[in-house]
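Notes for the one structure printed next.
Each reported figure results from applying straightforward, stated rules to the coordinates on display, with no laboratory input. Because the structure is predicted, anything quoted here is derived from the model rather than measured. Note: ideal-geometry Cβ built from the backbone for every residue, glycine included; neighbour counts use all protein chains shown.
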Amino acid sequence: MDTQNKTSILVLDDEPIVCKRLRSALEKRGYEVETFFRSADAFKRITERDFDIVITDLKMEGLDGMAFLTEVKKRSPSTEVIVITGFATMETAKESFQKGVFDFLAKPFKLGEIQDAVERAERKIRESRA
Amino acid sequence: MSFVDVFTKFQTILELNNKVLELMAEMGDKLGGDYIFDKQYIHSSCEAMTDCVYKLIYNLDSIAPQKYLDLYNAFKRIHAEIQDELEGKLVIPETDYTMPYRLVSRDFSDVVGAKNANLAEIKNFLRIRTPDGFAITTTAFQAYMDHNQLWEKIHSVSQEWAKGEISTTEASKRIQELIKNGSIPVKLKRELRKSLEDLQSLHSGKRLFLAIRSSAWGEDSEHTFAGQFLSLLNEPAQNLFEAYKSILASAYSASAMEYRRQKGYAEHEVVMAVACQVMVEPLVSGVLYTLDPQNPQQEIMMVSSTWGLGAPIVSGEVSADQFMVSRDSPHEVKGMTIVRKLRQSVTLEEGGIGPRPVPEELQTKASLKHEQLAELAELGLMIERYFKRPQDIEFAFDHNGDLYILQARPLNIGAQTAKLVCDVPSALKKAHILFSGRGSIAQKGIGIGKVFMVKDEEDLERFPEGAILVARNTSPRFAKVIRRANAVITDVGSPTGHMATIAREFRVPTIVNTGIATKILKPGQEITVDAEENAVYEGKIKELCYYEFNEEPFEETYEYRLLRRILKKISPLNLLDPLDKTFKPRYCRTFHDITRFIHEKAVEEIIELSYYGGRDTQSSPLHLDMSIPLDLVLIDMGQGLDTTPESVKVRVEDIRSIPMAAFVQGLTSPGAWSTEPMSVDFGSFMSSLTRTFSSSLATPKYIGQNLAVLSLNYANISLRLGYHFNMVDAYISDNINDNYAYFRFLGGVTDLSRRSRRARLIGEILSVNDFRVDLRGDLVVARVKKLGLEEMKNKLRVIGLLVAFTRQLDVQMVSDRQIPKFLDTFRQLAVNNVTKH
């Protein structure tokens, strides 16, 4: 990955700690990262630009994550979405995958797991663009 | 209640017990930094934990009705403390109002503040010279605030401020006024006077002058409140009370209030501890940065110094001599700027400090010599390694030429600068990976150093400062060197095992269970351990280290602090010895204590019921037939024995219980069970008798009874052999996470020195065998957990062997010099008997 064309990632989680730690872990790997802990701000941001990858929580105050990821996929179908949630149930997982979510991680997760998911999503994007 | 019902309840207790231990380990694991967790996680795991502990109490109550009602109170108390933490009310542990530095460690940083804690760790752990002193704790602060009803008063001013009705300056002025006008509670006054007397006695004959500084919460972490609180230098001891109030008031300086608002510090996080130190009268003082914040890639340490006190340098009032010193030994001076130093700040005879002219011949002379710089650099790096961050250190050389560290805190490296030099992805592209993705991270972090293989005890003795500890197994005995290690890598081990806990305690980057570390790594090889991305590189990859330096340490985040504080109410085990008079519900301070208490009592109930309760069930007690003269009674809770209801005796081969079978193998090992008659001198015998009857060894009914409660995966064995009491509690299954073994040995007969000598030997044997050992006089408690099935069986064999072996020790071991001999005998026995099964 060259620096001119970094993979862009948007992170949305209403707990700032998740944003903070994901940002540092992903930036270190050379990704371009924007984080939001208010869904309204994230929602506004996706109307301004597309991201390669979106990482979002499901259960948040205000706009809920499912609605957010639906909007993301509608605007930019090639964006890969990774769902992170502390309330992982079969139903939410199923619904997410039906909406075309790339991966689904239950919180708390290891840094390695999210990095791995991001790498796989990145590979998929690269392959589909090749 | 029928036996079947009681056993069912007991099984439930065991399951809940394991679940609590597992939850505890999982929560502890999150402190290692490899996980991203949020507040919601902390809430839900506390809920799960609370639920299990409550059920434990309920189940014990149903097999021992009304017997331990105090447990409900203990539960309520601990639960309420955890709830308070979760709701954001700060729960300050009950401590004294003052603490001498020799008793302070990082564990007390909540009560003494970071500045005190850091300095005390430097003094007590690193043994570096620092001023004598004591901390005035946050408990004292709370008492002062409560005594003067300050919280309510401050809250109403803060409200006005938050609404924007008054300016920060105005709010600050009003609050500081309130604090300064308070009066010190009598008990606090008394403790302060006592601490001063103690300090005075260390410096007899001299008038006591103090440096009195703030040591607030959050100060000295990444949220550096540097310079926002008050420091008073060379205060005469009799001014302490007034000085204390002024420093408390400075918690509400306008800049501190603003800073807290910006950083999102909650109001309840305003807590002020104070440092009281004996004033050092410096010839020269200054500040050391262990890394140049502007050019971190240059491997240079920066030193500023001047004659007299360093305060003017810190506040930027005077220009000082500057030195650039290499970070590599022998710390060559790479450059210096010597300025003309016309004035210096000195301590005044009547107290306080003031300016004085510098004698002409010293004005243009360098204030530090090369060897002083090298000495300083050495200490600086030691402190940096310990705290895992570049350090900002205040130091002084006194008139005798002795170097004192006055303060150490993490150095903030400008994030932008660091990012420019830290092109981690391309640095890693060039690097040679030795292995990656192997095993699990037990503690996050980066460590660079030379490989040092640890195989045995002697290797541990020789472990060099700053090396990478590489070993086949994890072992709690690494505790004694782990703080000197830059990283730890093992072939085998669990990230939730005992050693992982220790690694986290000292924040040493640790990767366990790699499978191949000892094969791939060579002694002396320089490597970079990336326990963030789980990779090991050849050579020094400084970029990684700088990145870590630059990153906000996760240990300082609110969620981490919250989890750590909550775990203090959950994990520590205080109830070690069931024979101690404090082994009671009301002394339970954590959920672990409650769990441990219940487990112990549940076993007792089972034994009581099945052994003394009648013989009308399938689980009536049976005698075990062994090759050694030991009468052991077995109680099967299910699948522990291969017997028919008609059986009256059990043969060794009938034992299906995995831990029991292994234990018996060890116990009956050839050569272990001494057949020599035991001769005991009369005095020893008498002392053992009184001991037996005075100690509350369960109930008198038990004396002389050897009992084991079994199931397929579980065994609880109580043995009274010769004159000591052994207890083994173990669970072994295919599920590595459930596995544990707990062994307790309590000696009898002979005088205390002989008993504790024997306890030391047993402790030594167990720790060589990788148990985590606690010694208290003649009580030995050893624990091991989370090993694979075969490894666990080996541990039980070791315990069995040891129990047999200790019979020999009772009388034979008369001097400390025999310890090595017995260690050796045991090693030989273990080689012959333990591993070849």
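For chain A, what does the relative contact order come out to in percent, with C-alpha contacts under 8 Å and a separation of six or more?
21 percent
Could you give the size of the charge dipole of the protein assembly as shown about its Cα centre, using +1 on the Cβ of each K and R and -1 on the Cβ of each D and E, expressed in debye and rounded to the nearest 20?
Result for the protein assembly as shown is approximately 940 debye, rounded to the nearest 20.
So who's got an amide H within less than 5 Å of the one on B:N486, skipping anything under 5 residues away but keeping other chains? H placed 1.01 Å off N, in plane.
Amide H neighbours of B:N486: B:G466, B:A467, B:I468, B:L469.
Once the dipole of region B:471-589 is set up with Lys and Arg at +1 and Asp and Glu at -1 on Cβ about the Cα centre, which of B:F478, B:V492, B:T518 lies farthest towards its positive end?
With unit charges placed on the Cβ atoms, the residue in question is B:F478.
What does the structure give for A:107-116 when I average, per residue, the other chain Cβ atoms found within 10 Å of the residue Cβ?
The mean count of partner-chain Cβ atoms within 10 Å per residue comes to 5.
Give the residue from B:F209, B:A114, B:N124 lying farthest towards the positive end of the charge dipole for region B:107-263; charges sit on Cβ (+1 for Lys and Arg, -1 for Asp and Glu) and the dipole is referred to the Cα centre.
So the residue we want is B:F209.
When only C-alpha pairs under 8 Å and at least 6 residues apart count, what is the relative contact order of chain B, in percent?
The normalised contact order for chain B reaches 10 percent.
At B:H399 and B:T644, where each label point lies 7 Å from the Cα along Cα→Cβ, what is the point-to-point distance in nanometres?
9.5 nm
What is the gain in length, in nm to one decimal, between B:E281 and B:H43 on full extension, counting 0.36 nm per residue of separation less the C-alpha to C-alpha distance?
80.6 nm
Using the Karplus equation 6.51 cos²θ - 1.76 cosθ + 1.60 (θ = phi - 60°), what ³J(HN,Hα) coupling, rounded to whole Hz, does each residue of region B:153-165 give in order, writing x for Gly and Pro?
Ordered by residue, 3J(HN,Hα) equals 5, 5, 4, 5, 5, 4, 4, 4, 5, 4, 6, x, 6 Hz.
Of A:K73/A:K94; B:K123/B:K180; B:K601/B:K793; B:K455/B:K821; B:K30/B:K455, which sit over 23 Å apart, Cα to Cα?
B:K123/B:K180; B:K601/B:K793; B:K30/B:K455
Percent relative contact order of region B:450-566, based on C-alpha pairs within less than 8 angstrom and at least six residues apart?
Reported relative contact order: 21 percent.
Would you mind checking A:K20/B:K519; A:K28/A:K124; A:K107/B:K795 for any pair whose Cα atoms are more than 31 angstrom apart?
The pairs that break the limit, which is 31 Å between Cα atoms, are A:K20/B:K519; A:K107/B:K795.
Go through B:G466, B:S158, B:V780 and say which Cα lies farthest out towards the positive end of the charge dipole of the protein assembly as shown; charges sit on Cβ, +1 for Lys and Arg, -1 for Asp and Glu.
So the residue we want is B:V780.
For A:S128 and A:N5 in the same chain, what is the full-extension length gain: residue separation times 0.36 nm, less their Cα-Cα distance, in nm?
42.6 nm
Treat the count of other C-beta atoms within 10 Å as a stand-in for reagent exposure and order B:M24, A:M66 from fewest to most.
Going from sparsest to densest Cβ surroundings: A:M66, B:M24.
Label-point separation (nm) for B:E349 and B:E465, each offset 7 Å from Cα along Cα-to-Cβ?
Here the modelled spin labels are 4.1 nm apart.
Enumerate the calculated ³J(HN,Hα) couplings along region B:280-290 in order (Karplus 6.51 cos²θ - 1.76 cosθ + 1.60, θ = phi - 60°), each rounded to whole Hz, writing x wherever the residue is Gly or Pro.
The phi angles translate into 8, 9, x, 7, 9, 9, x, 10, 10, 9, 6 Hz.
Treating only the Cβ of Lys, Arg, Asp and Glu as charged (+1, +1, -1, -1), what charge dipole size does chain A show about its Cα centre? Round to the nearest 20 debye.
For chain A, the charge dipole is close to 200 debye.
State to the nearest 20 debye the size of the charge dipole of chain B about its Cα centre, where the only charges are +1 on K and R beta carbons and -1 on D and E beta carbons.
Here chain B has a charge dipole of around 980 debye.
Could you work out the per residue convex hull volume over the alpha carbons of the protein assembly as shown, in cubic angstrom?
207 Å³
Counting only other residues whose beta carbon sits under 13 Å from that of B:K522, what net charge do I get with K and R as +1, D and E as -1?
Charge balance near B:K522 sits at 0.
Send over the semi-axes of chain B's equivalent ellipsoid, whole angstrom and largest first, taken as the square roots of 5 times the C-alpha gyration tensor eigenvalues.
The three semi-axes for chain B are 53, 32, 27 Å.
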